[in-house]
Amino acid sequence: MPDSKTTEDSVRLAFVQQASSCRELGSPFTSSLCALAAERLTGDHPVGAKILSWSGDPSPGGDSVPLRLAGALHALVLSGSDKQLASVYPPQTAEADDLWSAIEQACRIHASFILDRLTSAPQTNEVRRSGALLPGFLTISSLLQKPLVLSEVGASAGLNLQWDRYEYWLGDRTWALQPSPVLIAPEWRGPPPPLDTPVHVDSRAGCDLNPLNPASEADALRLLSYIWADQQDRLERTRFALAIAATNRQTVDRADAVDWLEKRLQEVHEDQVHVVYHTIAWQYLPAHSKAEGEALIAAAGERATESAPLARLQMEADDQKHSAALTLQVWPSGEKHLIGRADFHGRWVEWIGWPGAH
């Protein structure tokens, strides 16, 4: 077992690493909060003691302890539970000493709430990732020319299951099936995607180990709390997307990804294309689950036919830092290509496209 000093050092390093990541991803406020915690957090109150003696991996690639704390504090602000904390949160500005003083006081006054929140992993549902998914779905529709049956793994509240109900600006071109309050406008790099392709979603479903209900006020607060407090556009976009999902009665199944996929992939969808997709989710599956999931999808691909094809669209991290790979595979041919890259939060999309597709 590591000694307490080693554990504390690893926790402080996790906050330093998260501060750097938040700065790169455009959140100077959350970066400052994490940097202050790395330097000033003490164990003389229950929240500090719990964090500094964390028994697991506190790093951003592990238990993400810094984002657990940031989410708990933001929830107190969003819910109106801590006026002093709200007074030093965006859109207000505050000196470092004032911000940390309010954070320390919140940790003491709301210790039970924060300690409870620390037990749960951060949960986001980044709607802008739909800006990277849309060209993939349009490519699938262009290649296979059939209505879509959607199956999303790690769907959270199901906001990226609603991608066809948003409006997009991709470079100098727009796409929308109907007017929408959710506007997604990533920086677009590369050739235009097949925006003129007709696309229709016949049905949609998703799974998550801890699904959130968009119609639940408590679940909506949890989701919004993990959005960084100085990124107002993300907060507004997510609020609108939650409202759309609630209006359409979107729900997500509470299920293990492999168990859920096994059932979803057994059904044959004649004259439709079954699309399995996931964004920054597959990497969090245990190694054995990933292997089982890959085998299930490959087996379903072997069973696919021209009249009941299968597609897999992924936006996942690979060996290139600072962005995710967009890959698409279709069956029965089994053909697979890298069709683009995207920022993890969907701020930009670098489109390559499917070879030979127009």
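Read-outs throughout are calculated quantities, based only on the coordinates presented, and are distinct from any laboratory measurement. Just so you know, these numbers come straight off a predicted model, no measurement behind them. Cβ: placed from backbone, ideal geometry, glycine included. Neighbour counts: every protein chain shown.
Descriptive notes on the structure:
- Among 154, 340, 26, residue whose mean-square fluctuation peaks in a GNM of the chain (springs only between Cα atoms under 10 Å): 26
- Low-density loop cleavage sites - GluC sites (Glu not before Pro) in region 264-305, where at most 11 other Cβ are within 10 Å (DSSP): 267, 270
- Alpha-carbon centroid distance for the pair region 204-265 / region 140-191, whole angstrom: 16 Å
- When the inverse distances between all different Cα atoms of region 4-117 are averaged and flipped, the Kirkwood radius reads 14.0 angstrom.
- A straight chain from residue 317 to residue 266 at 0.36 nm per residue would run longer than the Cα-Cα distance by 15.6 nm.
- Fluctuation leader among 216, 32, 225 - the chain, Gaussian network, Cα springs under 10 angstrom: 216
- Around residue 113: net Lys/Arg minus Asp/Glu count, Cβ-Cβ under 14 Å: +3
- One chain, two ends: residue 6 and residue 189. Fully extended at 0.36 nm per residue, the span grows by 61.5 nm beyond their Cα-Cα distance.
- Rounded tilt (10° steps) of 287-303 against the dominant C-alpha axis of the chain: 20 degrees
- The helix-based estimate of mean residue ellipticity at 222 nm for the chain, built from -39,500 (n - 2.57) per DSSP H run of four or more residues and divided by its residue count, is -12500 deg cm²/dmol to the nearest 500.
- Once backbone amide H atoms are built at 1.01 Å from N, residue 170 has 175 as its partners under 5 Å, excluding neighbours fewer than 5 places away on the same chain.
- Segment residue 101-residue 307, length gained on full extension (0.36 nm per residue, minus Cα span): 67.8 nm
- Near the amide H of residue 187, within less than 5 Å, lie the amide hydrogens of 348, 349, all on another chain or at least 5 residues away, with H placed in the peptide plane.
- Modelled spin-label separation between residue 196 and residue 16, with each label point placed 7 Å from Cα along the Cα-to-Cβ direction: 5.5 nm.
- Placing unit charges on the Cβ atoms of the charged side chains and taking the dipole of the chain about its Cα centre, the candidate lying farthest along the positive direction among 311, 119, 211 is 211.
- Residue by residue, region 191-203 carries 3J(HN,Hα) couplings of x, x, x, x, 5, 8, 6, x, 9, 9, 9, 7, 7 Hz when phi is fed to the Karplus relation 6.51 cos²θ - 1.76 cosθ + 1.60 (θ = phi - 60°); x denotes Gly or Pro.
- Förster radius 45 Å - calculated FRET efficiency between residue 39 and residue 253, Cβ distance, rounded to 0.05: 0.60
- Of all lysines in the structure, the ones whose alpha carbon falls short of 25 Å from that of residue 50, not counting any fewer than 8 places away in one chain, are 5, 83.
- Across region 4-117, Cα pairs under 8 Å and at least six residues apart give a relative contact order of 27 percent.
- Sparse packing (at most 15 other Cβ atoms within 10 Å of the Cβ) combined with a DSSP loop state is found for the following trypsin sites (Lys or Arg not before Pro) in region 245-305: 249.
- Rounded to whole Hz, the Karplus (6.51, -1.76, 1.60) HN-Hα couplings of region 161-167, x for glycine and proline: 7, 9, 4, 7, 10, 10, 10
- Inter-site label distance for residue 233 and residue 216 at 7 Å from Cα along Cβ, in nm: 3.1 nm
- Region 127-351, relative contact order [Cα under 8 Å, separation at least 6], %: 25 percent
- Option label - Rg/Rh (Cα atoms, Kirkwood Rh) computed here, alternatives [x] 0.99; [y] 1.10; [z] 0.96: [x]
- Global form of region 234-322, assessed from the alpha-carbon gyration tensor, a/c cut-off 1.5: oblate
- Backbone phi angles across region 228-237, fed through the Karplus curve with coefficients 6.51, -1.76 and 1.60 (θ = phi - 60°), yield HN-Hα couplings of 5, 4, 9, 10, 4, 5, 5, 4, 5, 4 Hz in residue order; Gly and Pro are listed as x.
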